[in-house]
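Q: I have a structure I would like to understand better, so I am pasting it below and will then ask my questions one at a time.
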Amino acid sequence: MEAKAIVRNVRMTPRKMKLICDLIRGKDAGTAMAIIMNTPKAASEVMSKLLKSALANAENNHNMDTGNLYVKEVHVAPGPIMKRIMPRAQGRAFRILKRTSHVTLVLAEKE
């Protein structure tokens, strides 16, 4: 049995989100939450909400024991890219790419 939570269109680059994902992959849910809370990264806030959502899904939708859960899978995919223009010298314009992310987190029960 698995519980899943997905957050889409997070205004943060996938590269920054992946740093937090790599820290919690394979850890049990309580340890993963402790790691997220003590990591001083901007992505920590988003990952904390996502983990809480996955825990709530496991408890309410699948009747799973929250003390027996671990992070089975967590991955980040690139979302849509917003293209903006930055004015530069002599009438030129440089392109700014504002990247977004889609994050998927799957919790499973230990056997």
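Q: Leaving out same-chain residues fewer than 8 places away, which lysines sit with a Cα under 19 Å from that of residue 4?
A: 18, 27, 49, 52, 72, 110
Q: Do the sum for the chain: with -39,500 (n - 2.57) for every DSSP H run of n ≥ 4, divided by all residues, what is the mean residue ellipticity at 222 nm, to the nearest 500 deg cm²/dmol?
A: So the calculated ellipticity at 222 nm is -11000 deg cm²/dmol.
Q: Sticking with this one: With Cα extents along the principal axes in Å in mind, check [x] 64, 26, 17; [y] 41, 38, 29; [z] 48, 26, 20 and report the label derived from this structure.
A: Answer by label: [x].
Q: Considering only C-alpha atoms, what is the centroid distance from region 69-102 to region 23-42, in Å?
A: Using only Cα atoms to place each centre, the spacing works out to 24 Å.
Q: Aspartates and glutamates within cross-link reach of residue 98: Cα-Cα under 20 Å, excluding same-chain residues under 8 positions apart?
A: Cross-link targets: 45.
Coordinate-derived values only; no laboratory data. Bear in mind that the values here come from a model prediction, so they are computed numbers and not experimental data.
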